[in-house]
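**Q** Here's a structure for you.
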Amino acid sequence: MIQPTFFGLAGTALTPDERALFTANPPAGFILFKRNVVDRAQVYAMTEELRALSGRIDVPILIDQEGGRVARLQPPEWPAFPAGAAFDALYEKAPMSAIEAVRVNAHALGLMLSDVGINVNCLPLLDVRQPGAHDIIGDRALGAEPLRVAAMGRAVIEGLAAGGCVGVVKHMPGHGRAMVDSHLELPIVTASVAELEIDVAPFITLNWAPMAMTAHVIYTAWDPENCATRSGLVVGDVIRGRIGFDGLLMSDDLGMKALAGNFGARTRDALAAGLDIVLHCSGDFAEMQEVTAAAGAISDTARERLARAMATIKPRANAPSFSELVAKRDVLLALA
C-alpha cells in the first residue's frame, strides 16, 4: 500500500528506523535537502537506495533547486545557478532571449539533478511578485506581470523535462501577496476576488503542469478561516475549478509554522481538502510516524495523477551537454 506522502530524510544515509517505516508504509516519494548531501557519489547512492527500497524505478525523488538563495546542491561540488530575478531583468530588454535563457537554464538543472538520480524539481515559481510584500518570494519570482511569469514558467517546465526532471509549479494559487513568511507564521491575504485574478493567471495558463504545490496562505475572499492547503473551498473551487488544474497536487511542507495542530491533524486536513500528497520535509522521525498513521492509502485518482506526471520526463538522447547549455544561458543573460 503506497501512502500519499513525500518524506524528507534525517541525514546522508537512510537510518534503520527510516528503512523500517518506509518498508511497512511505503511513501509515494521522497525529498532531499542540504543536510542529505555530501557529493555526487553519495547522492547517487542514496537515490539508488530509495529506488530499491520502494521497488519503483520512477519513484519521485524531489529537491528544491531553484537557483539563487534556494539551492540544496551547492558549490564547490555543484555550480551555482541564477535566481528568477536574473531572467526577469533580461525579459525587460529581450523577452524571447529571456524565455530561451530560462529554458536552457532549466534544461541544465534537469541534467545536473537527473545525473544523481533526482527526478523532480520544485520549480517554477508562478507567484506574481507584488510591491511591498514579504521578500520570501522576492528575487525568486520570474516577474510582477502574469503573462511574463507564465511564459517563462512554461519554459522552465519544458527545460526540466528535457533534462530528465518533472517540474512543480508553486505556490498555488499564489504566494506573491503574502506580507509574512509562511515558514514562520500564517500569511493572511485580504485582496478581493477581482484582485486575485492577477495571482491565479499564470496558474491558469499553465494548468496542464504535471505537479503543483499549495501555499500555506489564507485568502479571505475565498476562505477566511483556512489556508489553501487546508481549504476544500480553495482546492475545489479555485485550484481544481477556476484554475482548472488536474495534475498532482501536493502540500507545501507540513512542518512550516503557518500550520497549527499536530502532524496527524495537518495530514488529515490537507488530504480531506482534496490534496493528492502531503509533503513532510524535516526528517523528524516522530513527526513522520504521526503523518504515516494519519495518511492512509493513496487514492486511485492521486495514483493516476502521479503516474501521469512522472511520464512527462523526456528521453535525453542527443541532448546538448550541460556545459553547452550553461554557456548559452550565460551569453543570453549578458544581454541584460
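**Q** What's the local net charge at A311, with K and R +1, D and E -1, over the other residues with C-beta under 14 Å away? List each step's numbers first, then the result.
**A** Working: positive: R56, R303, R305, R308, K314; negative: D58, E304.
Charge balance in the 14 Å sphere: +3.
**Q** For Cα pairs less than 8 Å apart in space and 6+ apart in sequence, what is the mean separation divided by the residue count of the range 3-333, i.e. the relative contact order in percent?
**A** Details: 715 pairs, mean separation 63.5, N = 331.
Computed value for the range 3-333: 19 percent relative contact order.
**Q** Okay, next question. Calculate how many DSSP beta bridges within the range 1-108 are antiparallel, expressed in % of all such bridges and rounded to the nearest 5.
**A** Values: 2 of 9 bridges.
Roughly 20 percent of the DSSP beta bridges within the range 1-108 come out antiparallel.
**Q** If you don't mind, there's one more thing I want to ask. Take every DSSP beta bridge whose two residues both sit in the range 3-333, then give the antiparallel share in percent to the nearest 5.
**A** Close to 5 percent.
**Q** Just report the Cα centroid separation between the range 31-48 and the range 180-236, whole Å.
**A** Distance between centres, Cα-based: 32 Å.
**Q** For every helix of n ≥ 4 consecutive DSSP H residues, a contribution of -39,500 (n - 2.57) applies; sum these over the chain, divide by its total residues, and give [θ] at 222 nm rounded to the nearest 500 deg cm²/dmol. Please report the intermediate quantities before stating the final value.
**A** On the way: 10 runs with 130 residues, N = 336.
Using -39500 (n - 2.57) per qualifying helix, the result is -12500 deg cm²/dmol.
**Q** Which of P146, A302, V326 sits farthest toward the positive end of the charge dipole of the range 3-333, with +1 on the Cβ of Lys and Arg and -1 on the Cβ of Asp and Glu?
**A** About the Cα centre, the residue reaching furthest to the positive side is V326.
**Q** With only Lys, Arg, Asp and Glu charged, each at its Cβ (+1 for the first two, -1 for the last two), find how big the charge dipole of the chain is about the Cα centre; round to the nearest 20 debye. Mind showing how you got there, number by number?
**A** Working: 29 positive and 38 negative charges, 119 e Å.
With Lys and Arg at +1 and Asp and Glu at -1, about 580 debye.
**Q** Another one. Compute the convex hull volume of the Cα atoms of the range 86-146, divide it by the residue count, and report the result per residue in Å³ as a whole number.
**A** Working: hull volume 5.4 nm³, N = 61.
Each residue corresponds to 88 Å³ of Cα convex hull volume.
**Q** Of the options V102, H171, L275, report the single residue whose Cα projects farthest towards the positive end of the charge dipole of the chain (beta-carbon charges: Lys, Arg +1; Asp, Glu -1).
**A** The residue sitting farthest along the positive end of the dipole is V102.
**Q** Let me ask another. Using a/c under 1.5 as the rounded threshold, could you call the range 1-76 rounded, prolate or oblate? The axes a ≥ b ≥ c are square roots of the C-alpha gyration tensor eigenvalues, and prolate needs a/b larger than b/c, oblate otherwise. Walk me through the numbers on the way to the answer.
**A** Values: a/c = 2.05, a/b = 1.69, b/c = 1.22.
Verdict is prolate for the range 1-76.
**Q** On a straight-distance basis, which aspartates and glutamates could pair with K314 in a cross-link, Cα separation under 15 angstrom, same-chain partners fewer than 8 positions away excluded?
**A** D58, D115, E158
None of the figures in this text is laboratory data; all of them are computed from the coordinates on show. Given the structure is predicted, the values throughout are model-derived calculations rather than measurements. Because the Cβ atoms are built from the backbone with ideal geometry, glycine has one as well, and the counts that use them run over all protein chains shown.
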